[in-house]
Structures are given as C-alpha cells and as structure tokens.
There are 2 protein chains.
Amino acid sequence: MSTAASPPGRPGRRPSTSQVELENVAFRLFERDGFDATTVDDIAKAAGIGRRTFFRYFDSKNDVVWGAFTGHLEYMRERFAARPAGEPVMESLRAVVVDFNRVDEGETDRHRRRLELILRVPALQAHSTLRYADWRAVVAEFAAHRTGAHPGDLRPQAIAHAALGTALAAYEHWLGDPGSDLCAVLDTAFAELAVGFGEESRCS
Amino acid sequence: MSTAASPPGRPGRRPSTSQVELENVAFRLFERDGFDATTVDDIAKAAGIGRRTFFRYFDSKNDVVWGAFTGHLEYMRERFAARPAGEPVMESLRAVVVDFNRVDEGETDRHRRRLELILRVPALQAHSTLRYADWRAVVAEFAAHRTGAHPGDLRPQAIAHAALGTALAAYEHWLGDPGSDLCAVLDTAFAELAVGFGEESRCS
DNA sequence: TTCCATTTGACACCGGGTGCCATTAACCTC
DNA sequence: GAGGTTAATGGCACCCGGTGTCAAATGGAA
C-alpha cells in the first residue's frame with residue numbers, strides 16, 4: 001500500500017509514496033482531528049515517511065487540500081479558447097465553468113470534503129486567495145479578449161470577481177444540499193448571473 | 001517618543017508604546033527591507049519593546065499593515081443604512097464605497113503604502129482575504145436587504161464580489177497613477193460598474 | 001562490481017505565534 | 001510612606017510550518 005508502483009526502467013531510487021497516497025492519509029487525519037490540529041509530523045508519521053519528505057510532495061500543508069485539483073487552469077484556458085467567437089461572454093463563461101467543475105463519479109465525495117475544507121477553514125480560505133487569483137486571471141483574460149479590453153481593466157476584473165463569487169455561492173449551496181448535483185447548481189447560478197445582474201443599472 | 005502619553009488617573013503600569021507608534025516603526029522597516037525580510041524581532045527591537053509585547057499590540061505581523069484601517073466596517077454599515085430607500089442599489093454602493101475610502105489629507109501617503117503592501121505582498125494578499133470577506137458581507141447584507149433576498153443568496157454574493165473586484169481594480173489604478181485622486185477613481189469605477197455590467201447578458 | 005541518478009530522512013535552523021509567570025510601574029487607600 | 005491593587009512588560013520555553021544541507025539508501029545501467 002505504501003510502496004508506490006513507479007514506471008520501471010528509470011534509474012535511481014523509487015519514490016516511497018505518492019501525492020494521492022499522501023492525500024488519502026492526510027484527509028483521513030483532517031477528518032478525524034481537524035485541519036489545524038493535524039500537524040505535518042502527524043501526516044508524515046501516518047504515511048510512514050519523514051517530515052522532510054512530505055515537503056517534497058507538497059509545497060505546504062495547505063497544498064495538500066488542493067491536490068490534483070491544481071494545474072487544471074490550463075485546461076480551462078483551452079476550453080475558453082474553444083468557445084465560438086460569437087457566443088455571449090456570460091454564456092461562454094457558464095459553459096466553461098460548469099464543464100470545468102465536472103468530476104468523476106467516484107471522486108464526488110472527496111471533492112465535497114475538499115471544498116468543505118477550502119471554504120470553511122480560515123487558514124485555507126486565506127491560502128485559497130492565491131489560487132483564486134489565478135482562476136480569476138484566466139476568466140479576466142477571456143473576458144478582455146472578447147471585449148477588446150485589457151485583462152487589468154475594470155470590466156474584465158469585475159466580471160472575473162463576480163464569476164468567482166457566483167461559483168463560491170454555488171459551492172456553498174451544493175455543500176448545504178447533499179442531494180444536489182454540483183454542475184446543475186453551477187449552471188443555474190451562472191444563468192442567473194447572466195440574466196439578473198445589472199438589472200437596475202443599465203436596463204431600468 | 002517611545003513613552004506614550006496615556007490618560008492618567010488609571011491604575012497600573014502605562015503602556016510603553018502605542019499601535020500607531022509601532023505601525024510607524026514597522027512601516028519604516030517594511031519600506032527599507034521589505035515586508036518578508038522584516039522580522040517581528042526587528043520591529044520590536046526598533047521600537048524598544050520585547051517581542052512578546054509586540055503580540056499584545058497586534059495579533060499578527062500581518063495585522064500591522066491594516067492598523068486603524070480596521071473597525072471601520074461598522075461605519076460603512078451605518079452609511080448604507082443612511083441611504084434613501086428608493087435609491088438604486090448600485091448608486092448607493094458607489095456613494096458609500098467612495099465615502100468610505102475618503103482619508104485625511106495627511107494620511108494619503110500612508111494609505112498608499114498600506115495598499116501597496118496589501119495588494120503586492122503575497123502573504124498579505126492571502127491574509128487580506130479574511131478582511132475582504134467581512135467587507136463583502138457588509139455589501140451583501142445591504143444588497144440583500146434592498147432586494148428582499150438573503151445575504152447568502154446568489155445575487156447579493158455576486159454583487160459583493162463584483163464590488164470588491166471593482167474596488168481592487170480602482171486601487172490598482174490609483175497606485176499606478178501617483179497624481180490621481182482615489183475617490184475620483186473609485187467614483188468613475190463604480191459608475192462604470194453600474195452602467196456597463198450585464199451589457200450583453202440581459203440587454204443585448 | 002562499479003557508476004550514476006534519484007529519493008530519502010536526519011539535523012539544524014529560521015520565523016511566527018502562544019502560554020506562563022515573575023517583574024515593573026502606576027494608582028489608591030490607610 | 002507602607003502596602004495593596006491593577007495593568008503592562010518581557011523573558012523563557014515551547015509548538016508548528018518551512019528550508020538548506022548532506023550523507024545514506026536504492027535501483028538501473030555499464
């Protein structure tokens with residue numbers, strides 16, 4: 001269980017574990033003792049590795065929670081690029097975000113626990129900001145590209161922030177309603193965002 | 001300079017310094033060596049107090065940067081409550097945010113350095129999230145109150161996030177343009193937000 | 001077997017943050 | 001002025017997250 005099968009044929013010592021494996025161990029401890037009360041030493045000991053080694057698998061304790069969830073941003077960028085050029089911005093946004101949040105059937109449970117930690121634990125809330133910034137940057141970049149503006153301009157920034165807010169609100173809703181489907185919630189949320197926002201500003 | 005004049009007539013030893021004093025000392029060091037490179041020991045030593053005492057004036061090193069900037073949220077809440085009931089949400093928002101960001105003439109410089117730190121130093125960006133959350137909560141609460149929704153609902157949340165994004169974009173703009181007036185920048189930014197948002201969603 | 005590549009984990013160290021507690025400095029009362 | 005009370009101080013030990021260094025362990029290839 002702890003000896004990770006690694007592609008043979010490569011010189012050098014084989015890793016004694018893996019990110020996923022460590023993630024599993026850590027999540028069990030987080031669930032049992034809480035995130036803050038679980039120390040890196042605890043995780044390392046439970047995984048049978050040295051403390052120093054832990055930090056070779058994850059840059060920080062916080063990063064454990066995000067896990068493979070990271071690195072998908074490039075994928076999101078591609079999805080944006082793949083949308084038809086004539087499509088309204090908010091519609092592209094909805095489609096991409098919903099698609100981006102689709103997870104495998106078996107992963108749903110872990111995804112839930114993951115988001116629960118991210119949204120509820122203060123230390124992770126703070127840390128998440130940096131991730132969110134990247135996420136927003138991708139959205140702003142897209143919005144800017146579509147409207148012929150710069151990503152740093154007001155409108156793309158506001159859109160990106162609002163989109164993030166919508167996504168977070170949807171996550172919260174999903175967490176509160178165990179039976180619901182995340183993608184469905186996100187879909188209606190972003191549809192509502194597109195329809196309802198700016199109601200009494202421009203159109204009144 | 002280091003002996004703080006405190007209201008006499010109170011029993012017990014008098015504080016040997018003050019938050020503002022510590023803030024001054026800290027900001028000087030931040031400016032000279034950078035936020036990360038400045039340790040709490042450095043600040044304490046420079047202020048002539050013990051390290052332990054520092055943490056009685058500020059909960060954390062991060063908190064130094066926010067200083068008296070904190071605790072104003074209640075004031076913002078009041079300002080919202082004072083707006084005429086018939087006023088469009090986005091207009092109230094603009095008025096209150098602009099007013100909320102008005103600082104004394106002599107404080108402008110410090111305010112600038114403060115925001116520079118908050119927006120540029122990663123550690124502070126992360127920490128700021130928790131403050132932003134409170135700020136957003138006030139906005140969402142107002143928006144919800146006005147539209148008969150709950151603060152946790154989608155629309156108030158999206159508005160609050162978008163408002164925060166707009167404010168941050170305005171701050172960035174202000175920092176980049178030394179001659180500009182923060183309130184003026186914020187005013188146009190929020191006016192633009194009210195006018196321009198949802199352009200191609202509802203009205204196209 | 002020897003060489004090389006890679007991972008490991010021990011050790012020491014730094015910096016932020018906290019609990020504890022004796023000490024110091026003020027005021028107040030007798 | 002002595003003694004009590006109140007409050008701030010600062011030293012100490014400690015925890016935890018994170019990093020630099022380096023010798024040892026492990027495996028493939030020559």
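The values are calculated or read from the model by the stated rules, or taken from the named source; none is laboratory data. Treat the numbers as computed from the prediction; the structure is a model and nothing was measured. No Cβ is skipped: glycine too gets one built from the backbone with ideal geometry, and neighbour counts run over all protein chains shown. Each accessible area value is taken on the protein alone, full model and side chains, heavy atoms only, with ligands, DNA and RNA left out. Shrake-Rupley method; radii C 1.70, N 1.55, O 1.52, S 1.80 Å.
When B:Thr188, A:Thr108 are compared by accessible area at a 1.4 angstrom probe, the order from most to least is B:Thr188, A:Thr108. In terms of its C-alpha gyration tensor, the protein assembly as shown has an oblate overall shape, because the principal axis ratio a/c (a ≥ b ≥ c, square roots of the eigenvalues) is not below 1.5 and a/b does not outweigh b/c.
Checking the a/c ratio against 1.5 first, then a/b against b/c, what shape does the Cα gyration tensor give for chain B?
Prolate.
Once both labels are positioned 7 Å from their Cα atoms along Cα-to-Cβ, the gap between B:Phe55 and A:Arg28 label points is 3.3 nm.
So what is the accessible area of segment A:71-196 per residue, in Å², with the probe set to 1.4 Å? Please list the in-between numbers first.
Working: 5600 Å² over 126 residues.
Using a 1.4 Å probe on heavy atoms only, each residue of segment A:71-196 averages 44 Å².
Would you calculate, for the protein assembly as shown, the mean residue ellipticity at 222 nm contributed by helices, counting each DSSP H stretch of 4 or more residues as -39,500 (n - 2.57) and dividing by all residues, to the nearest 500? Roughly -21000 deg cm²/dmol at 222 nm, from the helical runs in the protein assembly as shown. Summed over both chains, the contact between B and A buries some 3000 Å² of accessible surface at a probe radius of 1.4 Å. Summed over all non-identical Cα pairs, the Kirkwood treatment of segment A:48-131 gives a radius of 15.1 Å.
Got a number for carbon plus sulfur as a percent of chain A's accessible area, 1.4 Å probe? Present the calculation step by step, with values, prior to reporting the outcome.
Numbers: 5350 of 10440 Å².
Of all accessible area on chain A, carbon and sulfur atoms account for 51 percent.
Across peptide B:161-173, the mean count of Cβ atoms from other chains lying within 10 Å of each residue's own Cβ comes to 6. Annotation for B:Asp181, label-to-label distances across the other copies: 5.4 nm (shortest first, one decimal, point 7 Å from Cα along Cα→Cβ).
Suppose a student asked you for the relative contact order of chain A, using Cα pairs under 8 Å spaced at least 6 residues apart; what percent would you report?
Computed over chain A, the figure is 16 percent.
In this rough spin-label picture, where each label sits 7 Å from Cα along the Cβ direction, the B:Ser16-B:Asp36 distance is 3.1 nm. Using C-alpha pairs under 8 Å with a sequence gap of at least 6, the mean separation divided by the residue count of segment B:1-69 gives a relative contact order of 30 percent. Here B:Lys45 is the anchor, and the lysines within straight C-alpha reach of less than 24 Å, apart from those fewer than 8 places off in the same chain, are B:Lys61. For segment A:19-65, the convex hull drawn through the C-alpha positions has a volume of 58 cubic angstrom per residue.
Modelled spin labels at B:Glu87 and A:Asp134, positioned 7 Å past Cα toward Cβ, are 4.1 nm from each other.
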